[in-house]
1. Return the total of residues in the stretch 1-26 being surrounded by fewer than 14 Cβ atoms within 10 Å (Cβ to Cβ), in a helix (DSSP H, G or I), at pLDDT 75 or above and of a type in the set (D, E, K, R).
2. Residues of the stretch 361-394 being over 17 Å from residue 189 (Cβ atoms) and among the basic types (Lys, Arg), which ones?
3. Of the residues that make up the stretch 203-212, is at least one surrounded by 15 or more Cβ atoms within 10 Å (Cβ to Cβ), at pLDDT below 75 and outside any helix (DSSP H, G or I)?
4. Just to be sure before I move on: is residue 335 at pLDDT 65 or above and more than 20 Å from residue 227 (Cβ to Cβ) in the structure I sent?
5. State all residues of the stretch 359-398 that are free of Cβ contacts under 8 Å to residues at least 12 places away in the same chain and of a type in the set (A, V, I, L, M, F, W, C); if no residue qualifies, say none.
6. Could you check the stretch 364-393 and list, in sequence order, the residues that are within 18 Å of residue 430 (Cβ to Cβ) and of a type outside the set (A, V, I, L, M, F, W, C)?
7. For the stretch 27-68, enumerate the residues that are touching a residue at least 40 places away in the same chain (Cβ under 8 Å), in a helix (DSSP H, G or I) and under 29 Å from residue 441 (Cα atoms).
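The values are calculated or read from the model by the stated rules, or taken from the named source; none is laboratory data. What you see is a predicted model, and the numbers here were worked out from it, not measured in a lab. Backbone-built Cβ (ideal geometry, glycine too); neighbour counts: all protein chains shown.
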Amino acid sequence: MVDRQRYMEILSGQIRCKRAVPLVTKELEAHIEEQKADFLAEGMSESEAEELSVREMGDPVEVGIQMDGIHRPKMNWRLIFVIGLVSAAGLMAWFGLNIRVAGGVNEPQGGIYHLFFRHVIYTAAGFLAMVGICYIDYTWLAAKSKKIMLIYSGALLLIPIVNVQLSSDVFSEGYMAAVWLMAFLFLPLCCGVMYGYRGQGISGLLKGTAWMLPVVISPLIYRNRMEMLLFLFVLAAVLSYAVGTGTFCIPVKRTLLIIWAVTIILFAGIMKADGFTSFGILPEMYEEFMEQSQDKVQEIIAGSHALGNAGETGGVQGKEFEFSIGVQGEMLEITEVFPMGSEFILTYMAVCFGTFAVAVVSLVVGTLLLRLLALSVKQKNHLGRLMGLGCGLVLFIHAAGYMLVNVGVIMPEQLYCPFVIESRGVIVTYVLLGIMLSIYRYQSISEA
């Protein structure tokens, strides 16, 4: 007689990923029970139906080997290789553009080499961290999400106190960097928390939404209106997806109407608020500056060729611009020197290589991010879809916003962009990419 328990023990022994064993055995047990019910309906006895159902499963070693090939972590090395190529291309683009600018204005190039070396270190470290995060099961992150958020929030509250006691600029810089990163890195954790309230109705929705409140701290402290608007949209989209897929078991249409009505009201309030300005500048002067900067970007893009350098005939007349704020009292000035930063890389690329190069770069980055987003939302595991959607939307929407700023469609408030060289941005990019790749890696061993 074929014993079901012994059969499952032999089969499970062939599966190398022990986390997948409960999922596989549950799946096969369900299949055996279905087959057994059919045999019982044909008039067989309990023992006969049990034995024949197990026997028809096939050899346990062969079935176990087949299940091992299906239910195991799978690293998407092809996509990781593409991410590495795009990262390297971003480094080289930054270096080439800044060297060209330094030569054009007769500035020393030593500082550029120093910054380039530092960016290489940051990028390499971020890339390795991304690969490392791939090996961390995203379901573990979701399970620990509340504790991680509480510890991080507590640390952010303690840092200013320590800074006051020590009067240290190092702590101040670290605190502002941590606050800036908070919203980006909290979002996937918020998705994990939200998933934990599944099936709890309206109270679950409200609790999940309450855990999103720390996300708004960063844009409020930095007084970045564009950042706040983008995060508002991302949060509304994630909540809508959770409600629409039945996470909370509440009326979908009515809830979605409320979510987007509140989103529109908040959107209008943020747009009219005077607090979202920088450096204490009067709101009307800040708006004037932003409009002038947007006009200048449009002028540069309009004067650029489709291919090649704009030269003396271009809208910039051979000179590159940085759109930064210089403050003396309440005066503003636009400094006409290209930065060694990253806010207008695409704008300057249009000047040096033409708008076609900008279109190609935008297409490559956009396609890569859409591919990652598509992989996430196609997951069978609901938690994986939810966390992947949050990470993917943060990356894609910020990239889209950055591109629109660089062609003058929207005002150039500071935006983060994936694969643009900047230390904090590198951290954000590779952490979120690592989580998305982890979702793909563990898709075959996590229950839906």
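1. Count: 3.
2. The answer is 371, 378, 380.
3. No, because not a single residue in the stretch 203-212 is surrounded by 15 or more Cβ atoms within 10 Å (Cβ to Cβ), at pLDDT below 75 and outside any helix (DSSP H, G or I).
4. Answer is no for this residue.
5. Within the stretch 359-398, 359, 360, 363, 374 qualify.
6. 371, 376, 388, 390, 392
7. Correct list: 60, 61, 63, 64, 65, 67, 68.
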